[in-house]
1. Pull up the stretch 84-93, narrow it to residues that are free of Cβ contacts under 8 Å to residues at least 40 places away in the same chain and in contact with a Cys (Cβ under 8 Å, 6 or more places away or on another chain), then point me to the one that is surrounded by the most Cβ atoms within 10 Å (Cβ to Cβ).
2. Kindly establish whether Ala151 is among the hydrophobic types (A, V, I, L, M, F, W, C) and more than 24 Å from Asp271 (Cβ to Cβ).
3. How many residues are surrounded by fewer than 22 Cβ atoms within 10 Å (Cβ to Cβ) and either out of contact with any Phe, Trp or Tyr (no Cβ under 7 Å at 6 or more places or on another chain) or within 19 Å of Leu23 (Cα to Cα) (or both) when one looks only at the stretch 246-256?
4. Could you check Trp243 against (1) without any contact (Cβ under 8 Å) to a residue 12 or more places away in the chain; (2) under 24 Å from Gly5 (Cβ atoms) and say which number it fails?
5. For the condition in contact with a strand residue (DSSP E or B) (Cβ under 8 Å, 6 or more places away or on another chain), part of a helix (DSSP H, G or I) and either within 18 Å of Asp107 (Cβ to Cβ) or not acidic (Asp, Glu) (or both), what is the one hit in Tyr161, Tyr173?
6. Might you let me know whether the stretch 51-70 holds any residue that is in contact (Cβ under 8 Å) with a residue 12 or more places away in the chain, touching a helix residue (DSSP H, G or I) at 6+ places or on another chain (Cβ under 9 Å), buried (at least 16 other Cβ atoms within 10 Å of the Cβ) and over 29 Å from Leu234 (Cβ atoms)?
7. Please work out if Leu81 is free of Cβ contacts under 8 Å to residues at least 40 places away in the same chain and either crowded, with 18+ Cβ neighbours inside 10 Å or more than 18 Å from the chain's Cα centre (by Cα) (or both).
Amino acid sequence: MNIIGLETLVFSVEELEACCAFLSDYGLHCVSQSASSARFEAEDGTAVEIHTDDVAGLPKTDIPSPALRETVYGVVSASVLDEIRQELSKDREVLCDEDGTLHCVDDEGFALAFKVSSRRPLQARPDLTNTPGHAPQRPVNQPGVDPQRPAKPLTLSHVVYFVNNAAKAEAFYERLGFRTSDRFEGVGPFMRPAGSDDHHCLFMIETPPFVRGCEHFTFHLGSGTEVLQAGTQLASKGWNSFWGPGRHIFGSNWFWYFNSPLGCHIEYDADMDKHDDEWAARQAPLSADTSQLFLFTGTAKWVPGGPPPKSA
């Protein structure tokens, strides 16, 4: 099943204006907004939608707002939607909208949707790095840093669920053609769909029954430098850093997580590993040493001779 990856994440929220402010400061484009709903897009059109609880048509949940209400995946064609509908209709209700979008619920109670992807081709600038021993990637006399150039989220990267039975949840997504790239022992798998070579677009963390919902989601940026730049700017606007900046081991992606008013953490990431079906999944116990190669502590800008730096 040629599922490309995440297309849209749909949330119900309590404080619409605060969520709009956060997503705008995060770097997404607000393409529509009303008194009860808003849509924010990355450069390729993948998006986050936010709605107040009273908006009709939101998938039901017993998790109070703010909460993830639906995860929408993009596929390459209508024939893939037919494959998904035939497979999932074997043991659950699958609803179909007039435009062909499918809706169902996975084995952990997360509402899913599948639609033919409408994402736009990316026109991202390259990350031109000069390395001794290699021909320069960046032309002579072209600075590598432009403080005025914004670091924009390019595409929706991945989502992380708290689940109560990771093995059962993994088996469900394997039915949809997902493959496990790596795994934290006793915690859960990193998984990618067949239409993506990213290390993962889904990670699941096994938790007790009273812990449920979305832990975080993230958009790809263009480089590790952009993660540091965007995170520094977000922190300077008063949003609180949760974890990072740093670099993961599984996936190799740079990361910086922030608290958000959407009921979960939101991450910036960049430079994720790519895999094909020849890759053999690794396993490791979850620890500080296996989850990150290194971790920085963000501080305000500082110069020698100045007062001690303050935490970001």
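1. Going residue by residue through the stretch 84-93, those that are free of Cβ contacts under 8 Å to residues at least 40 places away in the same chain are 85-86, 89-93.
Going one step further and asking which of them are in contact with a Cys (Cβ under 8 Å, 6 or more places away or on another chain), we end up with 85, 92-93.
Details: Arg85: 16, Arg92: 11, Glu93: 9.
By that ranking, first place goes to Arg85.
2. On the way: among the hydrophobic types (A, V, I, L, M, F, W, C): yes; more than 24 Å from Asp271 (Cβ to Cβ): no.
Judged against the criteria, Ala151 is not a match.
3. The number of residues fulfilling the criteria is 2.
4. (1)
5. Values: Tyr161 fails: part of a helix (DSSP H, G or I).
When all the criteria are applied, what remains is Tyr173.
6. The answer is no, given that none of the residues of the stretch 51-70 is in contact (Cβ under 8 Å) with a residue 12 or more places away in the chain, touching a helix residue (DSSP H, G or I) at 6+ places or on another chain (Cβ under 9 Å), buried (at least 16 other Cβ atoms within 10 Å of the Cβ) and over 29 Å from Leu234 (Cβ atoms).
7. Values: free of Cβ contacts under 8 Å to residues at least 40 places away in the same chain: yes; either crowded, with 18+ Cβ neighbours inside 10 Å or more than 18 Å from the chain's Cα centre (by Cα) (or both): yes.
Considered against the rule, which asks whether it is free of Cβ contacts under 8 Å to residues at least 40 places away in the same chain and either crowded, with 18+ Cβ neighbours inside 10 Å or more than 18 Å from the chain's Cα centre (by Cα) (or both), Leu81 comes out as yes.
Computed from the coordinates by the stated procedures, all read-outs in this text should not be read as laboratory data. Note that this is a predicted model, so its numbers are computed, not measured. No Cβ is skipped: glycine too gets one built from the backbone with ideal geometry, and neighbour counts run over all protein chains shown.
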